[in-house]
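Peer 1: If you scroll down you'll find the structure; I have some questions about it.
The values are calculated or read from the model by the stated rules, or taken from the named source; none is laboratory data. Every value quoted in this text rests on a predicted model; they were computed, and no experiment measured them. Don't worry about glycine lacking a Cβ; one is built from the backbone with ideal geometry, like all the others, and counts go over all protein chains shown. The protein model used for the area step is the full one, side chains on, heavy atoms only, and it has no ligands, DNA or RNA in it. Shrake-Rupley method; radii C 1.70, N 1.55, O 1.52, S 1.80 Å.
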Amino acid sequence: MWRRLATPAGTLAAVVGAFAYVGAVDPNHPGHYPVCPLYRFTGLYCPGCGGLRSAHAFVHGDLVAALHDNAPAVAGYLLFAALWMVWAARAWRGRPAQLRLGSAQMWAVGALLLVFTVVRNLPFGAWLHP
């Protein structure tokens, strides 16, 4: 039974380690992390811009700042937590993990991220800047 939980546990350990590192090394201070190449060369924010700052704020319990820095990232953190719990429960019972997203779901996620990216780069979307 413990062998079935090895992969979900290893994945969780890696994610916790990454969040611990980002929580300890503040991305708000320059020099610790590379700058987004899209932002550096074009001045445009990609859908991931602010993700490290969002993770840092999330680790420190500042949900408002995390949502301000990158709201889709916070949704991703919560979605990962829910999916991980389902994965671990299925592994515990000896069932395979099943996550089947159809093309409609993938297109919907892509469209939402595209709209988020466009809006955050328009003048009226400045409140979405990290």
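Peer 1: Largest first, how would Arg53, Arg4, Arg120, Arg100 line up by accessible area (1.4 Å probe)?
Peer 2: The residues order as Arg100, Arg4, Arg53, Arg120, largest area first.
Peer 1: Along each of its three principal axes, how wide is the spread of alpha-carbon positions in the chain, in whole angstrom units, largest first?
Peer 2: 53, 38, 26
Peer 1: Could you give the nm distance between label points at His29 and Thr42, where each point is 7 Å from its Cα heading toward the beta carbon?
Peer 2: Result: 3.2 nm between the two label points.
Peer 1: Rounded to the nearest percent, how much of the accessible area of the chain (1.4 Å probe, protein heavy atoms only) is carbon and sulfur? Display every interim value, and only then the final one.
Peer 2: On the way: 6290 of 8840 Å².
With neighbouring chains kept in place, the figure for the chain is 71 percent.
Peer 1: Moving on. Remind me, relative contact order of the chain in percent, using alpha carbon pairs under 8 angstrom and six or more residues apart?
Peer 2: The value is 29 percent.
Peer 1: Taking only protein heavy atoms into account and a 1.4 Å probe, give the accessible area per residue of the chain in Å². Mind dumping the intermediate values first?
Peer 2: On the way: 8840 Å² over 130 residues.
Per residue, the chain has 68 Å² of solvent-accessible surface.
Peer 1: Let me ask something else about it. How much accessible area does Val118 have with a 1.4 Å probe, in Å² rounded to the nearest 10?
Peer 2: In the full protein context, Val118 sits at about 80 Å².
Peer 1: I've got another one for you. Report the accessible area of Thr42, computed with a 1.4 Å probe over the heavy atoms of all protein chains in place, in Å² rounded to the nearest 10.
Peer 2: Here the residue's solvent-accessible area equals roughly 80 Å².
Peer 1: Apply the membrane-span-like helix rule to the chain: whole DSSP H runs, Cα extent along the own long axis of at least 20 Å, mean Kyte-Doolittle hydropathy at least -1.0. List the helices found.
Peer 2: Membrane-span-like by this rule: 6-24, 63-92, 103-120.
Peer 1: Over the residues of segment 7-49, compute the C-alpha Rg and express it relative to 2.2 N^0.38 Å.
Peer 2: 1.51
Peer 1: Tell me what the chain gives for mean residue ellipticity at 222 nm when only DSSP H runs of n ≥ 4 count, each as -39,500 (n - 2.57), the sum divided by the residue total, rounded to 500 deg cm²/dmol.
Peer 2: Result for the chain, helices only: -21000 deg cm²/dmol.
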